[in-house]
Every structure is written in structure tokens, then in C-alpha cells.
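Heads up, the thing below is written out as C-alpha cells.
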Amino acid sequence: MRRSAYLFPLLAAAAACVPLGTPITDPNAGKPGQSSPVQAPRANAQLRFEDATYDPDIQSVQCYASSGQPTEIFNAPVVSLAQAGGIVLEFDFLGSQSRRLTARLVHCNADWTPSTLTDLQFLNDINEFNLTDYRTSVATQVPYYHYRFQVPGVKLSGNFLLVVQDANTRTPLLSRRLLVYENQVEVQAQLGLAPGGSARYTMQQIDFLIRYGAYPLVNPAVETKVVLRQNFRWDNAKYGLRPTFVRDAEQQLDYQYFNFENAFPALNEFRYADLRSLRTVGVGVARLDMQASPREVLLLPETTRGGRTYTQYEDADGQRVFENREYGNGTTNADYIWTTFQLRAESPAPGPVYVFGALSDWKLKDDFKLTYNAEQQLYTGRALLKQGYYNYYYVVGQPGTAPDAGYFEGSYQLTENQYDILVYYRPPGTRADLLIGYRPLVVNGAQVRTSQPGLFR
């Protein structure tokens, strides 16, 4: 994410800015946010151990590590054990009345199944927290309440699932994955050279090593579990990575593969649209309809970028920022607007097409599915979005499968991407997978964090 100076003014005005919500796109569902005072929550009672939204009135979810900086909204919910109380959750609840909500934490294993730990083994508090910090929207056509919750600190490192639920029915409304780490081992990483001919122009390979001299690992080649992520996504994360070399004398594990186990399609810089203003058209906007309620925005028709020359520009790695350009304070002043996406295609794609990014929880959701018009050779789709600045891709795929972003976006090794490496270990005789190592890496960015050349010696 090459965040140049022009992005910082809009970031500074956004107090709550990287939502991960599920917009409502049913035009027959009535005016958004209009619910009866005693309406039961329309939530799926089955909790999923992933980033999920269970109630369609929950919108614009954002979960990040607080740093006090204007760009903190771009931080993934990953903190060290010493700063475990520094994760913030924010979201909107559409409607004209607030709801009594509670939150709880679930400790999870490395594979995101619930662990067998009791609450007191990872918390100092009773594991039920009231969400009392909320504010109503101001002069918006779609009324909502904005909630903010500071996640409490924990006593152990590892994976945690934050669950927000209705206080009366105890049905889950949303869940978010959190990571708490302690760097007991040293992780070094660098951009490698993807093997396989043309793959070196379309893939990015992350070579890394783990030094464990300061931490006693038992059978490290087998017991150490490693996860590699791109842009903090879970849908395409690499699991089950085993070391290619074990150097017992140096107490070092090398991860340098030759069959793309640690390589990702580099893809392209994200597309963007500026929905911060309802008085003037922003970048990527073709038309505003101020008479509609809620107001409507038509985005400019876009085309495929596959097979074209790579173009470098600033993006936000698929994230989004809330802001009302006229009145500021996107937390409660930003309104919800129907946004229509348009994508030109001479023929239908080999599968369903979706708008994809943080705005869709990095999932293929029906709310963001596009419909193809053969006569116009155009894909279109409409979603309810909060005012702000958005990044997204157009992808092809079926729900439950890995999306293909390269079909419309292309893939270029020069693309800027963020990666992070998660190292888990369960000490003998314990019942919890600890996150004993964490390493972020920016590839092709202004602030590249790598080791020196000659990582593997």
C-alpha cells in the first residue's frame, strides 16, 4: 500500500474507517434501518469461527489494532501480548433504536477450532462485556447506531474469536478473528524468486526462516505450525507449511519451497471509488441521484485489466475508509447510499462475478454478486455502502471456493502487497497453541521490511 500524502487528509478525518460489513442489496426489503422496537434479531444462531456477520442490520464492521495514528484503521487486529488490550472493534447497527449487546472472547487453536481452556486461563475478567460506547447517526437518511468496543487484554498469546451477541437472546451478531503474539522465536523473511518460468512475472514467493535458539522447541520440524497470509486475508492463507531444511546446529528452520507452497498470485493494485461526497462526483463516480431515498450512486463502467501493462498507483490493499466530505466525522455523519458497480465484458466469465475486498469480508457474498446483460455486454450489481473511500477487485468464483481475481485484474510481480508470517507452538503438557512468532513484510512498498541479502546461508 503506497500511502502517499494525498491519502492522509481523508484518513485523519475518519475516526472509524476500515469496515468489514455486509451491505443489504434487496430492493424489496424496505427502507434500510427501519425496524420495529421489539423485532427479534435476524441472526443465524450457529457461530462460525471466522470473520462473519450474522445479522443483515450489522454494517461497516472494522477491527484493528489501535496505534493513535490516523492510519491505525489499516492495522490488522494483531498485537503483542504486552499490548493485548489495544484492539478496537467498531460497527454500525442499522435502525432507529439502540440494542443491548454483549461481547465475549473464545480462545482457539491454531486451526481456529475452540480450545479446551477455561475463561480464567486466558482472561482476568468475567467473559461477558457490555457494549456501552455507542452513538446515534446524525442527519442521515438511513438511521443507525455506531458501536465501539475496546477488546480487553488477555494472559496468553494465540488465536481469539471476538463474538458480539444480543444480550437478551444470546444469538451471535458478528465475529472477528484476533491475534495476540509474543516473539519468542526470531522470524526473518524476504521476497524470493518464484520458480517456473513465467510465474516469476505473476507470482510473489515469500522465503523465510525461524531461529529458535532463545526458546526451547521440542521436535520443532513437526510441532511448529506456520501460517502465511497475503494482505491479512484468511481465505487464501497458506497452512501446514513444513520446513524444507532443519539446521539443528544453528537451531534454525528454513522455509524455501520450489512448488509454489509459499507463493501467491501478485494480482494488481486495487480498484478504487470515492464516495465521500454527496454533492459532487468523486473519482470513479458517474452520477449521483439526490432524489432517491436512500441516495444512489452510479459508478463509471470499468473494464478488464488482465493482459494489460501494469500501472503503479497508491491503493489501500483492499481496505476502505469512512468519511463525509462535507461534514467530516465519518463515524456518525456518513450516510448509507445505494452504489451500482459496472463492469464491461464482451462475454460472460466462466463463473459468477463478485465485487470483492474488505467491503465483502473477503468473501463471495450474494450482496456483491453481479448480473450479466448480454445485450449491453455489461455486469452490474448494487450494494448499500457507507460514505467513504473504497478499494475492491472484481473476481470470479463460487461461494466456498477460492476466488479468481486474475481473470479481470491480471497478476503482476511488481504489485505492492503485505504479507505476515504466524508461528504457533504448543509446549508439552499444555492445552493451547501459542503464537510464539510474528513477522510482517511489505513487498514492493515504500517501507520494505526484510532481512539482509543472503537470508539462507
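The values are calculated or read from the model by the stated rules, or taken from the named source; none is laboratory data. Bear in mind the structure is a predicted one, so any value in this text is a computation, not a measurement. Neighbour counts are summed over all protein chains in view; Cβ atoms, including those assigned to glycine, are modelled from backbone coordinates with ideal geometry.
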### Among residues of segment 268-298, those that are closer than 30 Å to Thr202 by Cβ and touching a residue at least 40 places away in the same chain (Cβ under 8 Å), counted
7
### Message
What's the total number of residues in segment 300-325 that are in a loop (DSSP other than H, G, I, E, B) and touching a Lys or Arg at 6+ places or on another chain (Cβ under 6 Å)?
### Response
5
### Task
Residue by residue through segment 299-309, note down the ones that are in contact (Cβ under 8 Å) with a residue 60 or more places away in the chain and of a type in the set (S, T, N, Q).
Thr304
### Unique residue being modelled with pLDDT of 95 or more, in contact with a Phe, Trp or Tyr (Cβ under 6 Å, 6 or more places away or on another chain) and surrounded by fewer than 23 Cβ atoms within 10 Å (Cβ to Cβ) when the list is Pro352, Pro348
Pro348
### Task
List the number of the failed condition for Ala292; all other conditions in (1) over 27 Å from Glu409 (Cα atoms); (2) among the small types (Gly, Ala, Ser); (3) crowded, with 21+ Cβ neighbours inside 10 Å hold.
(3)
### Summary
Checked segment 58-75 for anything crowded, with 22+ Cβ neighbours inside 10 Å and either assigned by TED's automatic domain parsing to the domain that holds Arg233 or not aliphatic (A, V, I, L, M) (or both); matches are Gln59, Ser60, Gln62, Cys63, Tyr64, Phe74
#### Entry: Only one of Leu300, Leu364, Leu343 that is within 30 Å of Gln413 (Cα to Cα), crowded, with 24+ Cβ neighbours inside 10 Å and either among the hydrophobic types (A, V, I, L, M, F, W, C) or assigned by TED's automatic domain parsing to the domain that holds Asp235 (or both)
Leu364
### Task
Filter segment 260-278 down to residues that are part of a loop (DSSP other than H, G, I, E, B) and out of contact with any Asp or Glu (no Cβ under 6 Å at 6 or more places or on another chain) and give me whichever is surrounded by the most Cβ atoms within 10 Å (Cβ to Cβ).
Leu275
### Query
Can you name the residue in segment 161-175 that is assigned to a strand (DSSP E or B) and over 16 Å from Ile126 (Cβ atoms) and, of all such residues, is farthest from the chain's Cα centre (by Cα)?
Asp166
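Could you tell me which residue of segment 100-134 is farthest from Gly240 (Cα to Cα), considering only residues that are of a type in the set (D, E, K, R) and touching a residue at least 60 places away in the same chain (Cβ under 8 Å)? Outline the logic, then answer.
Initial filter on segment 100-134 (of a type in the set (D, E, K, R)): 100, 104, 111, 119, 125, 128, 133.
Within this subset, residues satisfying the condition of being touching a residue at least 60 places away in the same chain (Cβ under 8 Å) are 100, 104, 111.
Working: Arg100: 40, Arg104: 29, Asp111: 10 Å.
Taking the candidates together, the pick is Arg100.
Among the residues in segment 198-215, are any under 19 Å from Tyr64 (Cβ atoms), of a type in the set (A, V, I, L, M, F, W, C) and outside any loop (DSSP other than H, G, I, E, B)?
Taking segment 198-215 and keeping what is under 19 Å from Tyr64 (Cβ atoms), we get none.
Within segment 198-215, none of the residues are under 19 Å from Tyr64 (Cβ atoms), of a type in the set (A, V, I, L, M, F, W, C) and outside any loop (DSSP other than H, G, I, E, B).
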